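Participant: First, the structure itself, so that you have it in front of you.
The values are calculated or read from the model by the stated rules, or taken from the named source; none is laboratory data. Remember, predicted model here, so these are calculated numbers, not experimental data. Virtual Cβ from ideal backbone geometry, glycine too; neighbours counted across all protein chains shown. Just the protein is used for accessible areas: all its heavy atoms, side chains included, with ligands, DNA and RNA removed. Shrake-Rupley method; radii C 1.70, N 1.55, O 1.52, S 1.80 Å.
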Amino acid sequence: MKLSKAVSEISEAVFPSGIYCIVCGSLIDRSRMYGLCDECIRKLHWINGRTCGKCGKALPDEYLGELCYDCMELEHFFTRGFSCLTYGFYERQIMMDIKYHGKGYMAVKMGDVLFDRMETLIMAAAKKGIKPFDVVIPVPVSESRRRKRGYNQAELMTAQFIKRWKSVDRDGWPLHERNVLERRHETEMLRSMNPSERRLALKDAFEVKSHKADRVRAKAVLLVDDIYTTGATADACSKALIEAGAEAVYLLTLCSGGNRKPEELEKLRD
(Lines give C-alpha, C1' and ligand atoms only; values in the text may rest on other atoms or scores of the structure.)
Protein backbone atom coordinates (compact mmCIF):
# COMPACT_ATOMS: atom_id res chain seq x y z
CA MET A 1 0.00 0.00 0.00
CA LYS A 2 1.37 3.44 -0.91
CA LEU A 3 2.24 5.73 1.99
CA SER A 4 -0.20 8.44 0.87
CA LYS A 5 -3.07 5.95 0.71
CA ALA A 6 -2.16 4.49 4.11
CA VAL A 7 -2.08 7.93 5.73
CA SER A 8 -5.39 8.80 4.07
CA GLU A 9 -7.00 5.66 5.53
CA ILE A 10 -5.51 6.34 8.96
CA SER A 11 -6.86 9.88 8.71
CA GLU A 12 -10.37 8.57 8.22
CA ALA A 13 -9.98 6.12 11.11
CA VAL A 14 -8.65 8.71 13.58
CA PHE A 15 -10.57 11.78 12.48
CA PRO A 16 -13.41 10.64 10.19
CA SER A 17 -14.43 13.32 7.69
CA GLY A 18 -17.37 15.33 8.92
CA ILE A 19 -17.25 14.26 12.58
CA TYR A 20 -14.34 16.00 14.31
CA CYS A 21 -12.43 19.19 13.51
CA ILE A 22 -8.87 18.11 12.74
CA VAL A 23 -7.43 21.09 14.65
CA CYS A 24 -9.49 21.53 17.82
CA GLY A 25 -11.43 18.25 17.90
CA SER A 26 -14.86 19.92 18.02
CA LEU A 27 -17.82 18.03 16.61
CA ILE A 28 -18.63 19.06 13.04
CA ASP A 29 -20.76 17.78 10.16
CA ARG A 30 -19.89 16.90 6.58
CA SER A 31 -20.67 20.40 5.33
CA ARG A 32 -17.49 21.77 6.99
CA MET A 33 -14.57 22.29 4.59
CA TYR A 34 -11.16 20.66 5.08
CA GLY A 35 -12.27 18.87 8.25
CA LEU A 36 -12.27 22.21 10.11
CA CYS A 37 -14.97 23.71 12.29
CA ASP A 38 -16.31 27.18 11.49
CA GLU A 39 -14.27 28.75 14.29
CA CYS A 40 -10.97 27.30 13.03
CA ILE A 41 -11.82 28.29 9.45
CA ARG A 42 -12.33 31.89 10.61
CA LYS A 43 -9.03 31.96 12.52
CA LEU A 44 -6.93 31.14 9.47
CA HIS A 45 -5.46 33.92 7.32
CA TRP A 46 -6.75 33.05 3.86
CA ILE A 47 -5.08 34.70 0.86
CA ASN A 48 -7.98 36.05 -1.15
CA GLY A 49 -6.83 39.50 -2.24
CA ARG A 50 -3.75 40.98 -3.89
CA THR A 51 -0.63 38.86 -4.06
CA CYS A 52 2.99 39.34 -5.03
CA GLY A 53 3.36 38.85 -8.76
CA LYS A 54 6.37 36.61 -8.21
CA CYS A 55 6.12 34.53 -5.01
CA GLY A 56 2.39 34.74 -4.26
CA LYS A 57 2.57 36.26 -0.77
CA ALA A 58 -0.43 38.35 0.29
CA LEU A 59 -0.04 42.10 -0.26
CA PRO A 60 -1.90 44.72 1.80
CA ASP A 61 -4.45 46.79 -0.12
CA GLU A 62 -2.50 49.97 0.64
CA TYR A 63 0.77 48.51 -0.70
CA LEU A 64 1.59 50.15 -4.05
CA GLY A 65 4.06 47.68 -5.55
CA GLU A 66 3.35 44.60 -7.66
CA LEU A 67 6.13 42.64 -5.92
CA CYS A 68 6.69 42.08 -2.21
CA TYR A 69 9.74 43.63 -0.55
CA ASP A 70 11.58 40.32 -0.69
CA CYS A 71 11.06 39.78 -4.42
CA MET A 72 12.18 43.33 -5.18
CA GLU A 73 15.47 42.57 -3.45
CA LEU A 74 16.15 39.02 -4.68
CA GLU A 75 16.00 37.29 -8.04
CA HIS A 76 14.28 33.93 -7.71
CA PHE A 77 14.81 30.82 -9.82
CA PHE A 78 11.13 29.85 -9.91
CA THR A 79 8.81 31.43 -12.48
CA ARG A 80 5.77 32.20 -10.35
CA GLY A 81 4.49 31.27 -6.91
CA PHE A 82 1.03 30.64 -5.44
CA SER A 83 0.10 30.37 -1.77
CA CYS A 84 -3.06 29.65 0.24
CA LEU A 85 -2.56 31.12 3.72
CA THR A 86 -0.47 33.79 5.39
CA TYR A 87 1.66 32.13 8.05
CA GLY A 88 0.36 33.24 11.44
CA PHE A 89 -0.31 31.75 14.85
CA TYR A 90 -2.98 29.24 13.79
CA GLU A 91 -1.17 28.27 10.58
CA ARG A 92 1.93 27.63 12.67
CA GLN A 93 -0.09 25.40 14.99
CA ILE A 94 -1.25 23.30 12.03
CA MET A 95 2.25 22.97 10.62
CA MET A 96 3.77 22.08 14.00
CA ASP A 97 1.14 19.36 14.45
CA ILE A 98 1.88 17.95 11.00
CA LYS A 99 5.66 18.12 11.18
CA TYR A 100 6.42 17.39 14.82
CA HIS A 101 3.37 15.78 16.42
CA GLY A 102 2.76 12.92 13.99
CA LYS A 103 -0.49 14.29 12.53
CA GLY A 104 0.13 13.43 8.89
CA TYR A 105 -3.60 13.06 8.30
CA MET A 106 -3.83 16.86 8.56
CA ALA A 107 -1.47 17.17 5.58
CA VAL A 108 -3.91 15.12 3.50
CA LYS A 109 -6.67 17.63 4.32
CA MET A 110 -4.33 20.50 3.46
CA GLY A 111 -3.89 18.93 0.01
CA ASP A 112 -7.54 19.87 -0.57
CA VAL A 113 -6.69 23.47 0.31
CA LEU A 114 -3.91 23.42 -2.30
CA PHE A 115 -6.25 22.11 -4.99
CA ASP A 116 -8.97 24.64 -4.24
CA ARG A 117 -6.37 27.43 -4.54
CA MET A 118 -5.45 26.24 -8.05
CA GLU A 119 -8.81 24.93 -9.26
CA THR A 120 -9.71 28.01 -11.32
CA LEU A 121 -6.41 27.84 -13.19
CA ILE A 122 -6.66 24.08 -13.65
CA MET A 123 -10.22 24.15 -14.96
CA ALA A 124 -9.56 27.09 -17.29
CA ALA A 125 -6.66 25.14 -18.79
CA ALA A 126 -8.77 21.97 -19.06
CA LYS A 127 -11.39 23.83 -21.11
CA LYS A 128 -8.63 24.72 -23.58
CA GLY A 129 -7.37 21.12 -23.61
CA ILE A 130 -3.99 21.94 -22.08
CA LYS A 131 -2.09 21.13 -18.90
CA PRO A 132 -0.69 24.10 -16.96
CA PHE A 133 1.95 21.76 -15.46
CA ASP A 134 3.50 18.54 -16.76
CA VAL A 135 4.77 17.19 -13.44
CA VAL A 136 4.17 17.96 -9.76
CA ILE A 137 7.10 17.46 -7.39
CA PRO A 138 7.06 17.78 -3.58
CA VAL A 139 10.05 19.36 -1.87
CA PRO A 140 11.96 16.40 -0.37
CA VAL A 141 12.96 16.02 3.25
CA SER A 142 16.10 14.28 4.41
CA GLU A 143 15.96 10.54 5.04
CA SER A 144 16.60 11.02 8.76
CA ARG A 145 13.65 13.40 9.09
CA ARG A 146 11.42 11.18 6.99
CA ARG A 147 12.23 8.20 9.21
CA LYS A 148 11.64 10.21 12.39
CA ARG A 149 8.42 11.80 11.09
CA GLY A 150 7.19 8.77 9.18
CA TYR A 151 6.33 10.79 6.08
CA ASN A 152 7.10 13.87 4.00
CA GLN A 153 4.26 16.32 4.57
CA ALA A 154 4.76 17.96 1.17
CA GLU A 155 4.41 14.55 -0.48
CA LEU A 156 1.15 13.83 1.36
CA MET A 157 -0.29 17.18 0.31
CA THR A 158 0.83 16.61 -3.27
CA ALA A 159 -0.77 13.16 -3.44
CA GLN A 160 -4.13 14.58 -2.34
CA PHE A 161 -3.73 17.53 -4.73
CA ILE A 162 -3.25 15.11 -7.65
CA LYS A 163 -6.14 12.93 -6.48
CA ARG A 164 -8.46 15.94 -6.58
CA TRP A 165 -7.09 16.95 -9.99
CA LYS A 166 -7.80 13.49 -11.40
CA SER A 167 -11.38 13.68 -10.16
CA VAL A 168 -12.17 16.78 -12.25
CA ASP A 169 -9.83 16.41 -15.24
CA ARG A 170 -8.98 12.76 -15.92
CA ASP A 171 -7.17 13.46 -19.18
CA GLY A 172 -5.12 16.46 -18.10
CA TRP A 173 -3.72 15.66 -14.67
CA PRO A 174 0.10 15.76 -14.41
CA LEU A 175 2.47 13.12 -13.12
CA HIS A 176 3.35 13.06 -9.42
CA GLU A 177 7.11 12.54 -9.28
CA ARG A 178 8.16 11.62 -5.73
CA ASN A 179 11.74 10.47 -6.23
CA VAL A 180 13.19 12.79 -8.84
CA LEU A 181 14.42 15.61 -6.62
CA GLU A 182 16.50 14.70 -3.57
CA ARG A 183 18.51 16.30 -0.82
CA ARG A 184 22.23 15.88 -1.30
CA HIS A 185 23.05 16.46 2.35
CA GLU A 186 21.43 17.13 5.71
CA THR A 187 20.91 20.76 6.77
CA GLU A 188 20.35 22.29 10.17
CA MET A 189 16.83 23.36 11.14
CA LEU A 190 16.20 26.45 9.02
CA ARG A 191 13.77 28.09 11.42
CA SER A 192 16.74 29.16 13.58
CA MET A 193 18.44 30.97 10.66
CA ASN A 194 18.00 34.35 8.99
CA PRO A 195 17.57 34.53 5.16
CA SER A 196 21.29 34.86 4.38
CA GLU A 197 22.15 31.90 6.57
CA ARG A 198 19.39 29.81 5.01
CA ARG A 199 20.62 30.45 1.48
CA LEU A 200 24.16 29.53 2.44
CA ALA A 201 23.01 26.35 4.21
CA LEU A 202 20.92 25.29 1.21
CA LYS A 203 23.49 26.02 -1.48
CA ASP A 204 23.67 22.91 -3.71
CA ALA A 205 21.56 21.03 -1.13
CA PHE A 206 19.23 19.56 -3.79
CA GLU A 207 19.75 17.71 -7.04
CA VAL A 208 17.76 15.85 -9.67
CA LYS A 209 18.78 12.21 -9.83
CA SER A 210 20.79 11.85 -13.04
CA HIS A 211 18.89 8.78 -14.24
CA LYS A 212 15.58 10.60 -13.79
CA ALA A 213 16.42 13.92 -15.43
CA ASP A 214 14.17 13.00 -18.37
CA ARG A 215 11.17 13.31 -16.00
CA VAL A 216 11.67 17.10 -15.85
CA ARG A 217 13.58 17.93 -19.02
CA ALA A 218 11.67 20.45 -21.20
CA LYS A 219 8.68 20.25 -18.82
CA ALA A 220 6.73 22.74 -16.71
CA VAL A 221 7.15 21.69 -13.07
CA LEU A 222 4.89 22.55 -10.15
CA LEU A 223 6.96 22.41 -6.96
CA VAL A 224 4.94 21.87 -3.76
CA ASP A 225 6.01 22.80 -0.23
CA ASP A 226 4.37 23.54 3.11
CA ILE A 227 5.82 26.96 4.01
CA TYR A 228 7.39 29.81 2.03
CA THR A 229 9.15 32.50 4.05
CA THR A 230 12.46 33.66 2.58
CA GLY A 231 12.36 31.51 -0.57
CA ALA A 232 15.70 29.83 0.13
CA THR A 233 14.35 26.27 -0.13
CA ALA A 234 12.19 27.06 -3.17
CA ASP A 235 15.13 28.64 -4.97
CA ALA A 236 17.53 25.81 -4.16
CA CYS A 237 15.04 23.25 -5.51
CA SER A 238 14.12 25.36 -8.53
CA LYS A 239 17.78 25.87 -9.43
CA ALA A 240 18.35 22.10 -9.38
CA LEU A 241 15.30 21.48 -11.57
CA ILE A 242 16.27 24.15 -14.10
CA GLU A 243 19.84 22.86 -14.26
CA ALA A 244 18.36 19.44 -15.05
CA GLY A 245 16.50 20.93 -18.00
CA ALA A 246 13.08 21.97 -16.62
CA GLU A 247 11.44 24.52 -18.89
CA ALA A 248 9.85 26.39 -15.98
CA VAL A 249 9.27 25.89 -12.27
CA TYR A 250 6.12 27.11 -10.54
CA LEU A 251 5.70 27.06 -6.79
CA LEU A 252 2.65 26.14 -4.72
CA THR A 253 2.81 26.46 -0.93
CA LEU A 254 0.24 26.03 1.79
CA CYS A 255 1.51 29.01 3.82
CA SER A 256 3.70 32.02 3.12
CA GLY A 257 5.18 34.71 5.33
CA GLY A 258 4.06 38.31 5.40
CA ASN A 259 5.37 41.16 3.26
CA ARG A 260 8.31 42.07 5.49
CA LYS A 261 10.86 44.74 4.67
CA PRO A 262 14.43 43.52 3.95
CA GLU A 263 15.72 44.64 7.35
CA GLU A 264 12.91 42.71 9.03
CA LEU A 265 13.68 39.58 6.99
CA GLU A 266 17.32 39.62 8.07
CA LYS A 267 16.15 39.49 11.68
CA LEU A 268 13.72 36.67 10.94
CA ARG A 269 14.06 33.74 13.32
CA ASP A 270 11.11 31.41 12.66
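Participant: Quick check, is residue 175 modelled with pLDDT of 90 or more, among the hydrophobic types (A, V, I, L, M, F, W, C) and in contact with a strand residue (DSSP E or B) (Cβ under 7 Å, 6 or more places away or on another chain)?
Facilitator: Numbers: modelled with pLDDT of 90 or more: yes; among the hydrophobic types (A, V, I, L, M, F, W, C): yes; in contact with a strand residue (DSSP E or B) (Cβ under 7 Å, 6 or more places away or on another chain): yes.
Taking the combined requirement at face value, the residue satisfies it.
Let's see how each residue does on (1) closer than 19 Å to residue 163 by Cβ; (2) in contact with a helix residue (DSSP H, G or I) (Cβ under 7 Å, 6 or more places away or on another chain); (3) modelled with pLDDT under 90:
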{"position": "1", "(1), (2), (3)": "yes, no, yes"}
{"position": "9", "(1), (2), (3)": "yes, no, yes"}
{"position": "13", "(1), (2), (3)": "yes, no, yes"}
{"position": "27", "(1), (2), (3)": "no, no, no"}
{"position": "30", "(1), (2), (3)": "yes, no, yes"}
{"position": "41", "(1), (2), (3)": "no, yes, no"}
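Participant: Can residue 104 be described as under 27 Å from residue 21 (Cα atoms) and small (Gly, Ala, Ser)?
Facilitator: Numbers: under 27 Å from residue 21 (Cα atoms): yes; small (Gly, Ala, Ser): yes.
So residue 104 passes the test.
Participant: Filter the range 57-89 for residues that are open to solvent by less than 50 Å² (accessible area, probe 1.4 Å) and among the aliphatic types (A, V, I, L, M) and give the result.
Facilitator: 58, 59, 85
Participant: Taking residue 45 and the conditions (1) at pLDDT 95 or above; (2) open to solvent by less than 80 Å² (accessible area, probe 1.4 Å), which numbered condition does it fall short on, given that it satisfies the others?
Facilitator: Unmet condition: (2).
Participant: Does residue 156 satisfy the condition of being touching a residue at least 40 places away in the same chain (Cβ under 8 Å), open to solvent by less than 10 Å² (accessible area, probe 1.4 Å) and farther than 25 Å from residue 217 by Cβ?
Facilitator: Details: touching a residue at least 40 places away in the same chain (Cβ under 8 Å): yes; open to solvent by less than 10 Å² (accessible area, probe 1.4 Å): yes; farther than 25 Å from residue 217 by Cβ: yes.
The answer is yes for residue 156.
Participant: When the residues of the range 90-121 are filtered to those that are among the β-branched types (Val, Ile, Thr) and crowded, with 20+ Cβ neighbours inside 10 Å, which remaining residue is nearest to residue 148 (Cα to Cα)? Before the answer, list the steps.
Facilitator: Step one: list which residues in the range 90-121 are among the β-branched types (Val, Ile, Thr), which gives 94, 98, 108, 113, 120.
Narrowing the set further to residues that are crowded, with 20+ Cβ neighbours inside 10 Å leaves 94, 98, 108, 113.
Details: 94: 18, 98: 13, 108: 19, 113: 26 Å.
Once the filter is applied, the top-ranked residue is 98.
Participant: Please specify each residue of the range 196-225 satisfying the condition of being among the small types (Gly, Ala, Ser), open to solvent by less than 70 Å² (accessible area, probe 1.4 Å), closer than 17 Å to residue 184 by Cβ and part of a helix (DSSP H, G or I).
Facilitator: 201, 213
Participant: Let me ask another. Return a yes/no flag: does the range 203-214 have any residue that is aromatic (Phe, Trp, Tyr) and within 18 Å of residue 133 (Cβ to Cβ). Walk me through how you get there before you give the answer.
Facilitator: To start, the set of residues in the range 203-214 that are aromatic (Phe, Trp, Tyr) comprises 206.
Add one more test, that the residue is within 18 Å of residue 133 (Cβ to Cβ), and what stays is none.
No: zero hits.
Participant: Restricting attention to the range 103-136, which residues are more than 17 Å from the chain's Cα centre (by Cα) and closer than 18 Å to residue 254 by Cα?
Facilitator: If the condition is that a residue be more than 17 Å from the chain's Cα centre (by Cα) and closer than 18 Å to residue 254 by Cα, then 120 is the only one that fits.
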